[in-house]
Amino acid sequence: SVGVDAPFHHLFEWGNNGLFAAIGKIKRVYSMNKEGQIISRSVVKVTYTLDDRISEGIYCARAIDILKKLVETPSLLETPPELSQEILDELNLKPLQENREDGFV
């Protein structure tokens, strides 16, 4: 779908992808700011298609809200979130493997 606006993608009956995100082409739009001046800015349309059999809509909507906030304010990604020991214990994360040969931790 290169060169067209973001379509709503169809879902597959047999497959393992329950969420599609499609990014459209960049467009120039004009609007009015608070001072009444006409301004121009670039925008892009993003559409999501969710297979409701994998998740309840409320959880997906919340996740999309978080994604939107991170895209609009990328500086939030510069510092890790504060997690309590209780949350860390609940997540049951594996410890980092230091000094791996491939350079990843």
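The values are calculated or read from the model by the stated rules, or taken from the named source; none is laboratory data. In this text the structure is predicted, and so the values were computed from the model without any measurement. The protein model used for the area step is the full one, side chains on, heavy atoms only, and it has no ligands, DNA or RNA in it. Shrake-Rupley method; radii C 1.70, N 1.55, O 1.52, S 1.80 Å.
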Exercise for the section: Mind listing just one residue for me: the one in the stretch 1-23 that is small (G, A, S) and at pLDDT 75 or above and, of those, farthest from T49 (Cα to Cα)? Expected result: A6
Practice task
From the list S55, S42, S31, S75, pick out the single residue that is part of a helix (DSSP H, G or I) and open to solvent by less than 100 Å² (accessible area, probe 1.4 Å).
Solution key: S75
